[in-house]
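Every number here is computed from the coordinates shown, using simple stated rules; none is lab data. Since we're looking at a predicted model, the values are computed, not measured. Cβ: placed from backbone, ideal geometry, glycine included. Neighbour counts: every protein chain shown.
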Amino acid sequence: MKPFMHLVAAAATVAFSTVLVAAPVAAAEAPDALVKRISNEVIDSVKADKDIQSGNRAKIMELVNAKILPYVDAEKMTQQAAGRHWRAATPEQKQKLTKEFRDLLVYTYAGALSTIKNETVEFKPMRGSPTDTDVEVRSQVNVTRGEPITLNYRLSNEKGSWKIYDVNVLGAWLVQTYTSTFNSEIGKSGIDGLIKRLADRNAQLASKPLAAPAK
């Protein structure tokens, strides 16, 4: 079940496009309603498509691009993972780093979409004020075996629509898990070195077939 949860974390944030535009409905949706809709649409799509269940990369990427990426703030995710180094990066470096980080999350976790079976997502009551522009949406994934798994989302509304920029799975925030790796690589070889490392890893992942789902 762990691969499924990693996919949810990555895909829901997984994240990760700064060029796609969210559908118009997103501007009017409350943040919890938005996350609930995305979750239901992704799960329903996987359960209805045998190609995705069998690990068809093209179908999985199509689903991620259509249902998830428009609602993710990849630049904010990357900025937070890079921390203080973001301010020193050039606009070109920021663009390249954002792209490679987004692609890494998608490649790393895309194969786990095919493992979705009978999981359901239960959302908790929202906390905070209707005027808040940065919120946390809390949920749990109910699995057929074992205890429910905590899955929380951070969203911000900076340009009139809500975007996901971080996900917490079992108490660990996704962006924070990459912060130390980014800092270490930048310390050794600079921002360009980090970009190259991510690009090399993405090339490796792109050349490999997605793992077959467990029977």
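Overview of results
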read-out	value
Residue order, fewest to most beta carbons within 10 Å, for Phe123, Phe101	Phe123, Phe101
Order of Tyr178, Tyr165 - criterion: other Cβ atoms within 10 Å of each residue's Cβ, fewest first	Tyr178, Tyr165
Estimated inter-spin distance, Ala66 and Asn142, nm [label 7 Å along Cα→Cβ]	2.8
Sites matching GluC sites (Glu not before Pro) across the range 96-175 that sit in DSSP coil, with at most 13 neighbouring C-beta atoms within 10 Å	Glu158
Estimated FRET transfer efficiency when R0 is 30 angstrom, pair Glu41-Gln176 (beta carbons, to 0.05)	0.65
